[in-house]
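Everything below concerns the one structure shown next.
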Amino acid sequence: MHEAAALPVSRRAEAEGAVRPLEGLGLRVERAGRVLLDIPELRMSGSEITALMGFNGSGKSLLLRVLAGLVQPDAGTVLWAGRPPGRERARRLGFVFQKPVLLRRSAAANIRYALKVAGFPRAEIAGRTEAALASAGLQGLAGSPARVLSGGEQQRLAVARALALEPEVLFLDEPTASLDPGSTLAIEALVAGARGRGTKIVLVTHDAGQARRLAQEILFLQQGRLVERASAGQFFTGPQSEAARAFLEGRIHI
Amino acid sequence: MHEAAALPVSRRAEAEGAVRPLEGLGLRVERAGRVLLDIPELRMSGSEITALMGFNGSGKSLLLRVLAGLVQPDAGTVLWAGRPPGRERARRLGFVFQKPVLLRRSAAANIRYALKVAGFPRAEIAGRTEAALASAGLQGLAGSPARVLSGGEQQRLAVARALALEPEVLFLDEPTASLDPGSTLAIEALVAGARGRGTKIVLVTHDAGQARRLAQEILFLQQGRLVERASAGQFFTGPQSEAARAFLEGRIHI
Amino acid sequence: MQDFGSAVWQALGLVASFDRDLLEIVLLSLRVSLTAVLAAGLVGLPLGAVLAVLRFPGSGLLVVLLNAMMGLPPVVVGLVLYLLLSHAGVLGPLNLLYTPTAMIVAQAVLVTPIIAALARQTVADIRGEYREQLQVLGVSRRTEVATLLWDARYSLLTAMVAGFGRAIAEVGAVIIVGGNINHVTRVMTTTIALETSKGNLALALGLGMILLSLTILVNAAVQGLRATAARTAYA
Amino acid sequence: MQDFGSAVWQALGLVASFDRDLLEIVLLSLRVSLTAVLAAGLVGLPLGAVLAVLRFPGSGLLVVLLNAMMGLPPVVVGLVLYLLLSHAGVLGPLNLLYTPTAMIVAQAVLVTPIIAALARQTVADIRGEYREQLQVLGVSRRTEVATLLWDARYSLLTAMVAGFGRAIAEVGAVIIVGGNINHVTRVMTTTIALETSKGNLALALGLGMILLSLTILVNAAVQGLRATAARTAYA
Amino acid sequence: ADKFIVVQSTTSTQNSGLLDELLPKYTAKSGTEVRVVAVGTGQAIKNAANCDGDVLLVHAKPAEEKFVAEGGGVKRFDLMHNDFVIIGPESDPAGVAGMTDAEAALKKIAAAKAPFASRGDESGTHQKERSLWKAAGVDVKAASGDWYRETGSGMGETINTGVGMGAYVLTDRATWSAHKNRAGYKILVEGDKDLFNQYGVILVNPAKCPNVKADLGQDFIDWLLSKEGQDAIAAFRINGEQQFFPDAQKSAS
Ligand SMILES: Nc1ncnc2c1ncn2[C@@H]1O[C@H](COP(=O)(O)OP(=O)(O)OP(=O)(O)O)[C@@H](O)[C@H]1O
Ligand SMILES: Nc1ncnc2c1ncn2[C@@H]1O[C@H](COP(=O)(O)OP(=O)(O)OP(=O)(O)O)[C@@H](O)[C@H]1O
Ligand SMILES: [Mg+2]
Ligand SMILES: [Mg+2]
Ligand SMILES: O=S(=O)([O-])[O-]
């Protein structure tokens, strides 16, 4: 198993842009009497792209929400660089939901809004918006209402919006599920670029190829439990758990 | 190019379950001054699975809506078995949207509702609902509110609901985009089974593997225009248009 | 200013003394307004939903009219009903003038457009999400209306509650068709108007407080219902 | 029954004769009610949105109270304001009693809870969709409220229109704090009440028709604005 | 005019049209605008007691005298009188038409259990009606909700209601004369000296209410009591019939 370097977490380290691990301790979420998440210990490297994989309903999206502080777990704590992610952390957070949520504004206005809220200097906003749209191939649709864009265009817009914020931590929930093959590769390149600039990325994907191309670390969930944690190389060549093997072989689980 | 057998369309032929072609003549849709769809002639075989492919925003979802009668084109006519699809056709139609729409009810109630509306005999509804849920691996979630299901579970529920209606024509808009590999194969098997029972299926997908596994006929759209129509074998081995080649090679389009 | 303090005392005193006349008035208020709101909901909710669902020539105009009818002046509604129900009117033979039934009708007329207009907006909002799905299921207009109403039920409660507020607080229409007749058609608001005209401002205020407390109780009951109602399968 | 026909004639006659007094009354009605609704919207929309956004101990109770306040009886509001604004009251020195300003305040008090309660529901509905996205963007509560109000603006118009209907049709509160003084605080509804008490039922009805036509015009203008408003980027 | 006073008044003076006739004359002469707030008797006195008016003009003598005695007003002047009448439907189920004895007429109405609409609002009119019932020895309280119907509203509204239910109504003559919703109703009983209806006018006490425009208010009262004002009152006609009879010479009480 791959182990992220244990870090003495300090403001200094943070300020220097050192790697920031993402941790979860004793995470537990129950709803309607069903245990949806039960992860005694979770540790992600701070510098790599971590892919979260697992069957539908295994709790990937829920875990992302818990890690991002959107869902308060019934038990357990989440630590970003050793500290619980407070409200002020939102400015350092990027999140692309499985179902992108776009405001009732134009594509460009959606990005402008996010930049403004994040406190980017007024003078930079127009330029950054334009660049973000172009990076996602949406130049031509800048003025279109975001909510009439095609499914794939919406997803690209959501990714572009999250990346435009240059977050420290970026959660991507199946960000290319609706993209055509070329767009998928283009978005992957953007994601890899963000990692290069020091963003910690957690990616949910069902696309083994994508995980292999992008991730260094794989977490495999089954029924809300973390059943495997491995480096990408190890995971795709020799998965340890029967569930992960079944998953990768596309064995019929339902 | 593959040509669907030209059919003398008649009520008799319909009653006998003969193949029913899907046609579009002079279809044109404009919005906000942009031409979104411009297809002088469209003809799909009545017995095969037709895959619609194309870059994001090329008009696939829009074309499905036009064919299903959900969007009235600015010009042109749609013919199902030679006749425009009227309101009464709804009972013969299945449609899975790119973003599934589930009612604020339990998973089971969503299927029951559809069956009731379609006029299935009361006595059969419980049994059919159970079978549909099981086919999509959702037995355990029958009573869960549909809208708290995971993204993949929701998509499976939407597919199960459409298939439960045993429609004559079934439109599937990226029905496995959020599914894990095993579920994807399972759903593909269900779709293939429906075709075996005589359902005409039009499938939008970005997954070339899926198109190859399921479809006999491929339509390739680019910027609202039909640029290629071919049998699956022909399309994947030697696409005629430059756009389709770029698409299949995953060339960066954005 | 001592009127405020005095009002509180009078209200408490009235409630404590459990005045028979007051009880009669309170019960009639509740009976009239709750019945009127139920009737208005029975008409207004489907009407609003139908207007949200159907597009036909003139439907835009109808929506404008409906929205405008939220501003029906109670006195005018009262007058029209008075003219219809009076002995000289076409409905005179029904002998409904100066009965609680006439008051119920008046309030229902006032409240129906409110519930319908608010329901139209609420249903239109949820319909944005449901429309195409219901269409592909081949749902009839009638079923579509029923489905949208059912699935928006928790939001629609606010429309009903707004209608109830309008009804229970209303005085102009009920005083004309009810006549504010002691022991027959006297309700809280007409009593308050009467005490005001007598210059019994503190008593009027005290009655107002009682009325408001009643309204709060009704709302709390509705809210409680909403919260405890099996929200299973609703998300 | 001839009163209806007679009412139509009187209404037409009044409009045709372009009565100066009538014009004055109509303009005051519009001025008072439009101002009151704008003021109520300024307070009620953010208030409703804040209640939709914030959860705190007692927020459920506050929602119940707000919903109940849609049933504030106009006479009671009028009385309370009267006692405050009266020369014997704490605000007496402002000399606002029997002025249009007092009427505006009275209507605003009545209408604010209506707009707030309806806005709360509308904003809560759209927030179900936006909440998590705004949270990950690190939006402050204040910005969240502003964003939700802005993005729900077309639906919120219905709340504003409901408030306007309530205000323009209202008589109980304005007659107490305005006094229905000829040429000073006489509005359409108080005129209708006055004519009714004089037994001029046809004239009262005719005035009611004119009032309703006005309300329809205002609603049509709002609807027109909504339709022609650049709906770009809104879908 | 920027000079104005507020008069708290009951509805009969306004609804009958009397004030519409008087006030422009006074304003033309004095340059003072007179703003009338017409409400129920009790409310008018209460408003005046709260200093929300400069002049009080009502018709409930005992209440007016109490108001002055408590320091709310400076002085009460008789201004004018008219009379009360009993109106009823043409069918006249109790057969009181033409009677001049109010007490007897009420007795007949009670005996016939014919519907009677009472204002039931403690107004001057209502107080007069109650004293008549008392004199007639009828316990109307027991009949309330049955044939005796307390409408709890103003004079005009009570007439509307009475007309709507075919009930007898006691009203001041002026309000009835100006009332348009008559539906075949007629004055059935009139002329009893018990049906006398005295109006008074009072300046609100500036010693208690510093905001009161005592000079302007007193000037208005003086004018009403002057020959000019009294003549104007006498000149007011509805359908050619005099409605109010000036009687200021009896002076203050
Ligand atoms: N109402 C509208 N107004 C303006 N543009 C629209 C409207 N509806 C759709 N479009 C545009 O039409 C184009 C085609 O949309 P469509 O959803 O059909 O694409 P698609 O081929 O399904 O794409 P994807 O693969 O992303 O799902 C998109 O560029 C979209 O922005
Ligand atoms: N509020 C809730 N109440 C009950 N069950 C819930 C609730 N929220 C989520 N669930 C359940 O929790 C499970 C995990 O959901 P989650 O969305 O995390 O799955 P996922 O791994 O992201 O799946 P997918 O691959 O389909 O996106 C699902 O089975 C879902 O039905
Ligand atoms: Mg998920
Ligand atoms: Mg699409
Ligand atoms: O003065 S009255 O209000 O009794 O007409």
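The values are calculated or read from the model by the stated rules, or taken from the named source; none is laboratory data. In this text, all values refer to a predicted model and were calculated from it rather than measured experimentally. All Cβ positions, even for glycine, are placed from backbone atoms using ideal geometry, and neighbour counts span all protein chains on display. The accessibility values were calculated without ligands, DNA or RNA, using every heavy atom of the protein model including side chains. Shrake-Rupley method; radii C 1.70, N 1.55, O 1.52, S 1.80 Å.
Here are the numbers for the structure shown:
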item	result
Some residue of region E:72-93 being away from ligand 3 (no atom under 16 Å from the Cβ), open to solvent by less than 50 Å² (accessible area, probe 1.4 Å) and closer than 23 Å to D:TYR82 by Cα	yes
Matching residues in region C:177-194 - criterion: being within 9 Å of chain D (Cβ to nearest Cβ) and over 17 Å from the mean Cα position of the chain (by Cα)	C:ILE192, C:ALA193
Test result for B:VAL148, among the β-branched types (Val, Ile, Thr) and modelled with pLDDT under 95	yes
Residue within region E:214-222 that is within 14 Å of chain D (Cβ to nearest Cβ) and of a type in the set (S, T, N, Q) present	no
Region B:34-71 - residue that is of a type in the set (Asp, Glu) and over 15 Å from the mean Cα position of the chain (by Cα) and, of those, farthest from ligand 1 (Cβ to nearest atom)	B:GLU41
Residue tally, condition within 17 Å of A:ALA208 (Cβ to Cβ) and either in contact (Cβ under 8 Å) with a residue 24 or more places away in the chain or away from ligand 4 (no atom under 16 Å from the Cβ) (or both), over region A:174-186	7
Answer residue from region B:69-115, given it is within 8 Å of chain C (Cβ to nearest Cβ), surrounded by fewer than 24 Cβ atoms within 10 Å (Cβ to Cβ) and within 16 Å of ligand 4 (Cβ to nearest atom) and is farthest from A:GLN98 (Cα to Cα) among those	B:LEU70
Qualifying positions in region D:126-143 - open to solvent by 10 Å² or more (accessible area, probe 1.4 Å) and in contact (Cβ under 8 Å) with a residue 12 or more places away in the chain	D:ILE126, D:ARG127, D:ARG141
Residues within region D:145-171 that are among the small types (Gly, Ala, Ser), open to solvent by 10 Å² or more (accessible area, probe 1.4 Å) and either touching a residue at least 60 places away in the same chain (Cβ under 8 Å) or more than 7 Å from every other protein chain (Cβ to nearest Cβ) (or both), tallied	1
Which numbered condition A:SER47 fails, given (1) under 23 Å from A:ARG156 (Cβ atoms); (2) more than 16 Å from ligand 4 (Cβ to nearest atom)	(1)
Scope region E:57-66; condition within 12 Å of chain C (Cβ to nearest Cβ) and open to solvent by less than 10 Å² (accessible area, probe 1.4 Å); matching residues	E:VAL58, E:ALA60
Members of region C:69-94 found to be of a type outside the set (Val, Ile, Thr) and under 20 Å from the mean Cα position of the chain (by Cα), listed by number	C:MET69, C:MET70, C:GLY71, C:LEU72, C:PRO73, C:PRO74, C:GLY78, C:LEU79, C:LEU81, C:TYR82
Hits in region E:136-155 - residues which are facing another protein chain (nearest Cβ under 9 Å) and part of a helix (DSSP H, G or I)	E:MET155
Qualifying residue in region B:94-114 (condition: at pLDDT 95 or above, more than 25 Å from A:ALA32 (Cα to Cα), in contact with a Lys or Arg (Cβ under 6 Å, 6 or more places away or on another chain) and not β-branched (Val, Ile, Thr))	yes
Where a residue in region E:85-106 is hydroxyl-bearing (Ser, Thr, Tyr) and its partner, wherever it lies, is part of a strand (DSSP E or B), with Cβ under 9 Å and at least six apart	E:THR100/E:VAL189
Some residue of region C:52-68 being over 21 Å from the mean Cα position of the chain (by Cα) and over 30 Å from D:LEU157 (Cα atoms)	no
Condition check for B:LEU63: without any contact (Cβ under 8 Å) to a residue 40 or more places away in the chain, open to solvent by less than 10 Å² (accessible area, probe 1.4 Å) and within 14 Å of chain A (Cβ to nearest Cβ)	no
E:ALA69 more than 20 Å from E:HIS126 (Cβ to Cβ) and away from chain C (no Cβ under 14 Å)	yes
Strands (runs of 3 or more DSSP E) enclosed by region A:135-254 - at least 1 residues per element that are open to solvent by 50 Å² or more (accessible area, probe 1.4 Å)	A:217-222, A:225-231
Test: residue in region E:111-122 that is among the aliphatic types (A, V, I, L, M), open to solvent by 10 Å² or more (accessible area, probe 1.4 Å) and over 17 Å from E:PHE196 (Cα atoms)	yes
Qualifying residue in region D:93-102 (condition: within 11 Å of chain C (Cβ to nearest Cβ) and touching a residue at least 60 places away in the same chain (Cβ under 8 Å))	no
Breaking point among (1) modelled with pLDDT under 90; (2) within 7 Å of another protein chain (Cβ to nearest Cβ), for C:GLY224	(2)
Hits in region A:14-34 (condition: within 14 Å of chain B (Cβ to nearest Cβ), open to solvent by 30 Å² or more (accessible area, probe 1.4 Å) and at pLDDT 95 or above)	A:GLU30
Those residues of region E:17-44 which are away from chain C (no Cβ under 14 Å), of a type outside the set (A, V, I, L, M, F, W, C), open to solvent by 10 Å² or more (accessible area, probe 1.4 Å) and not in a strand (DSSP E or B), in sequence order	E:GLY17, E:ASP20, E:GLU21, E:PRO24, E:LYS25, E:THR27, E:LYS29, E:SER30, E:GLY31
Residues that are open to solvent by less than 10 Å² (accessible area, probe 1.4 Å), of a type outside the set (Gly, Ala, Ser) and either more than 14 Å from every other protein chain (Cβ to nearest Cβ) or over 29 Å from D:THR215 (Cβ atoms) (or both), drawn from region D:66-87	D:LEU83
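Per-residue answers, yes or no, for (1) under 30 Å from D:LEU201 (Cβ atoms); (2) open to solvent by 30 Å² or more (accessible area, probe 1.4 Å); (3) among the hydroxyl-bearing types (Ser, Thr, Tyr):
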{"position": "D:LEU27", "(1), (2), (3)": "yes, yes, no"}
{"position": "D:SER33", "(1), (2), (3)": "yes, no, yes"}
{"position": "D:ALA39", "(1), (2), (3)": "no, yes, no"}
{"position": "D:LEU42", "(1), (2), (3)": "no, yes, no"}
{"position": "D:VAL64", "(1), (2), (3)": "no, no, no"}
